[in-house]
Every structure is written in structure tokens, then in C-alpha cells.
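These notes concern the structure reproduced below.
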Amino acid sequence: MHACLYIQEILLDIFAEVLQLRYGYRGVASLARTCRLFMEPALDVLWATQHSLVPLVMCFPSYFLQFKSEKQSNSGVRTVVGIRGVPDKAAWEKLFFYTRRIKTLHADLIDRDNQKSMSAVHFSVLSKMLCACQKHLLPNLRALSFPGALQHFALETCVEYANTINRMILLSAMEPSTLTSLTCPLYSVHPLEADKLVTAITTCSFLENLTMFAPVELQTLYLYEILQKLTALKCLSTLAIHLHESSWIQSPEHLGAFPSLQSVELRNFPSQFVLPVIRSIHCPSLVSLRIGVTGFALPHDLHDLMAEIATRTSWKESLKSISLSAKLMESSVRSLLPFTSLQHVFLSDIRLTPSDGLIRDMAMAWPALETLHILYTIVATPLVGNIRRNTVSCSALS
């Protein structure tokens with residue numbers, strides 16, 4: 001055997017390439033059974049990313065598992081896997097042999113990759129595993145995400161499943177903390193559970209990317225309190241919060257500082273709450289800003305928002321992408337012209353018909369522009385020809 005194959009990093013790169021092939025999973029699985037030298041790196045590649053909890057549960061011995069067939073609305077049959085009793089030490093050791101290799105986990109209850117068997121994990125399994133586990137279940141986890149909607153499950157099941165999320169995050173945050181990316185739903189749960197969830201997130205001291213979304217209406221969760229606690233994450237560089245359209249929000253107050261945010265996305269936010277969030281961004285090198293305002297937006301709120309963005313002189317060189325979905329007027333759009341490094345601009349639901357002069361000024365102000373998307377609410381003649389004619393100076397514009 002060639003001496004290079006004794007280097008683990010080379011084997012990991014080779015097996016990762018094999019995994020991308022059409023039958024890559026079978027190929028890497030065969031390599032894992034070829035020899036002891038290949039086994040460890042091949043298993044690391046196979047288990048690095050998991051798209052559901054089904055493979056983890058199936059690691060337990062068969063005598064700890066129970067299976068139940070459920071008929072689906074599409075006339076199909078799904079196998080639901082549950083745990084019988086409390087796993088012993090040998091069963092846990094077998095599970096840890098594989099879970100220590102997981103770097104990315106999407107904690108879905110359904111194995112959506114396998115359409116033929118369509119296996120699923122009973123919603124109570126995750127809670128049982130976390131309560132019975134005596135050590136760090138996922139010691140090398142880097143990215144953790146949860147599904148936004150648990151299809152085919154009742155609402156009370158979704159809420160009960162959501163209430164176990166905070167414990168899983170806490171286990172993932174055990175020292176030494178390795179979690180750097182988290183995608184987490186905000187269900188309409190008891191305020192105490194919501195507070196536990198946000199507190200658990202703040203214990204992930206090295207968290208860099210955080211996405212939170214509300215698949216149902218937030219009734220008792222106060223966005224201000226959530227954001228105020230999240231300011232404790234000093235390494236956070238990307239923050240995305242997607243609210244339900246009918247969410248009720250508490251009156252805004254002064255927020256703490258986000259010192260390292262470089263990418264911000266606020267979707268379906270009330271206009272009066274966006275400004276305090278923008279003011280809390282103290283990073284001088286913001287790269288991406290996406291804002292979606294929902295409901296009735298007062299003109300002075302939008303004016304103050306655009307004025308605040310325009311005052312950030314350091315962003316004029318760093319900001320590469322901006323997306324605004326709000327009822328903006330031409331003066332507000334023109335306040336973005338000094339941001340000369342913009343490459344991607346998305347303007348939706350604006351209250352004006354872009355004139356030739358505005359389009360021409362955009363093209364001159366943003367020479368590196370690659371994408372320009374404008375969706376306006378006022379009916380007018382198509383402007384595609386005018387846009388092309390007035391943006392000839394943007395050679396990279398698609």
C-alpha cells in the first residue's frame with residue numbers, strides 16, 4: 001500500500017470525494033469494511049453529516065428497539081421506531097462509537113432521504129435518550145438544526161418535541177463547547193420553557209451562526225427579551241430571525257450590543273422594532289443585511305430606519321448585499337447610493353416606480369453590482385428595457 005494512504009487527512013479527502021458520487025454512500029461503506037486502516041476515516045466521512053435522528057436510534061441493539069407501522073395519507077406505510085426500556089452500558093458504548101463522529105446534525109424525526117422505507121423516530125425517543133445519557137452525546141458537533149414543521153404529527157407532539165430542544169442544546173454546549181451553528185424553531189410554548197431555550201443558546205460561547213424562526217404564532221415570547229439575552233454571544237457573526245406573519249411583539253426597548261455581527265436577516269418584523277436591532281449592531285464591517293417589514297409600517301419608522309443605515313459610514317465599504325422588503329419611497333432608496341461596494345440589491349414591495357434617473361444613479365453608484373431585483377407595488381409599464389439600457393456600466397450585472 002502506498003505510504004500516502006497511511007495519512008488520515010488524505011484518506012478523509014479521498015473518501016469525501018467518493019461520497020459525492022452517485023452511489024457514494026455504498027462505496028464509502030464498502031471502504032470502511034475493506035481494512036482497519038480505512039475503517040476509521042471512512043466511518044468519519046459516513047457519519048459526519050446526519051439528516052435525521054433515525055440512524056442514531058438504529059445504533060441501539062435490536063432488543064432495545066420497538067417498531068410500529070403507520071399508514072400515511074398518501075396510502076404509504078411508515079415505520080416508527082421507539083426505545084423499549086433503558087439501554088445498558090454496552091448499548092451506550094455502541095452509540096458513542098458513532099455519535100462522536102457527527103459534525104452536522106439535522107434533528108428531524110423522519111428519515112426523508114430514504115423514501116422507500118420512510119422510517120421515523122417516535123417523538124418521545126429524543127427526550128428519553130437525553131435524560132438517560134450519562135455523558136456528552138455529541139462531543140464533536142459543530143452544526144445543529146431542527147425542522148421548522150413536524151409534518152404528519154399533531155400540534156401537541158410538536159410542542160412536546162420542541163420542549164426537549166433546550167436540553168439537547170445544553171448537552172451540545174457542554175465544555176469544551178464545539179457548537180458553532182444552530183438553527184432552532186421558536187414554538188409557542190410556555191414562557192419558562194422559552195426562557196430555558198434562549199438561556200441554553202447563550203451557553204454556546206463559540207456560536208457563530210444562529211437562525212431562529214417561529215413556525216407558529218408567538219403568544220408569550222417577547223422578542224426584546226430574546227434579543228437582549230443573545231447579545232451575550234460575543235462570537236456571533238450571523239443572525240437570522242424569521243417571525244410568523246401574525247406574531248405579536250412587545251414594545252421595543254434599548255438593546256445591548258452585538259459586537260461581531262456581519263450578516264443580519266430580520267423577516268416579518270414590525271417596523272418599530274427593526275430600528276433598535278440595527279442600532280444594536282456595533283460591528284464596523286457588516287457584509288449582508290436583509291430586512292422584511294410586515295404589517296402597517298409608519299412612514300417615520302421607515303425614514304428613521306434608512307437614516308440610521310445611512311449614518312453607518314464604515315458599512316459603506318463593507319456592505320455587499322442588502323435586501324429590503326418595505327414600503328420605501330425614492331428618497332429612502334437613494335440613501336443607499338453611498339454604499340459603493342454593493343454587489344446584490346433586492347428591493348421588494350417598494351412604493352414607487354423606478355425612474356430612468358434612479359436606475360442610472362444606481363448603476364453609477366454601484367459599479368460592482370451583480371444582481372438587481374426590484375419588485376414594486378405600483379402598476380406601471382415594464383421597465384426591463386429601461387433597466388438594461390441604464391445599467392450598461394455594471395459589467396457584472398446578471
Check: Which ones in the stretch 1-37 are without any contact (Cβ under 8 Å) to a residue 24 or more places away in the chain, loosely packed, with under 14 Cβ neighbours inside 10 Å and either touching a Leu at 6+ places or on another chain (Cβ under 6 Å) or part of a loop (DSSP other than H, G, I, E, B) (or both)?
Finding: H2, I7, Q20, L21, R22, Y23, R33, T34, C35
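Against the definition (of a type outside the set (D, E, K, R), within 24 Å of L207 (Cα to Cα) and modelled with pLDDT under 75), how does L141 come out, yes or no?
Values: of a type outside the set (D, E, K, R): yes; within 24 Å of L207 (Cα to Cα): yes; modelled with pLDDT under 75: no.
Criteria not met by L141.
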Check: Regarding S348, is this residue open to solvent by 50 Å² or more (accessible area, probe 1.4 Å), of a type in the set (S, T, N, Q), modelled with pLDDT under 90 and farther than 25 Å from S205 by Cα?
Finding: no
Checklist line | Residue among V159, V121, V189 that is modelled with pLDDT of 75 or more, out of contact with any Lys or Arg (no Cβ under 9 Å at 6 or more places or on another chain) and either β-branched (V, I, T) or buried (at least 22 other Cβ atoms within 10 Å of the Cβ) (or both) | finding: V121
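Residue-by-condition table, conditions (1) free of Cβ contacts under 8 Å to residues at least 60 places away in the same chain; (2) of a type in the set (G, A, S); (3) touching a His at 6+ places or on another chain (Cβ under 8 Å); (4) part of a helix (DSSP H, G or I):
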| position | (1), (2), (3), (4) |
| --- | --- |
| A307 | yes, yes, no, yes |
| E317 | yes, no, no, yes |
| I322 | yes, no, yes, no |
| V333 | yes, no, no, yes |
| F339 | yes, no, no, no |
| L342 | yes, no, no, no |
| S348 | yes, yes, yes, no |
| A368 | yes, yes, no, no |
Check: From the residues in the stretch 40-86 that are among the charged types (D, E, K, R) and in contact with a strand residue (DSSP E or B) (Cβ under 9 Å, 6 or more places away or on another chain), which one is modelled with the highest pLDDT?
Finding: K68
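The values are calculated or read from the model by the stated rules, or taken from the named source; none is laboratory data. If you're wondering where the values come from, they're calculated on a predicted model, not measured in any experiment. Neighbour counts run over all protein chains shown; Cβ positions are idealised from the backbone, glycine included. For accessibility, only protein heavy atoms count, side chains too; no ligands or nucleic acids. Shrake-Rupley method; radii C 1.70, N 1.55, O 1.52, S 1.80 Å.
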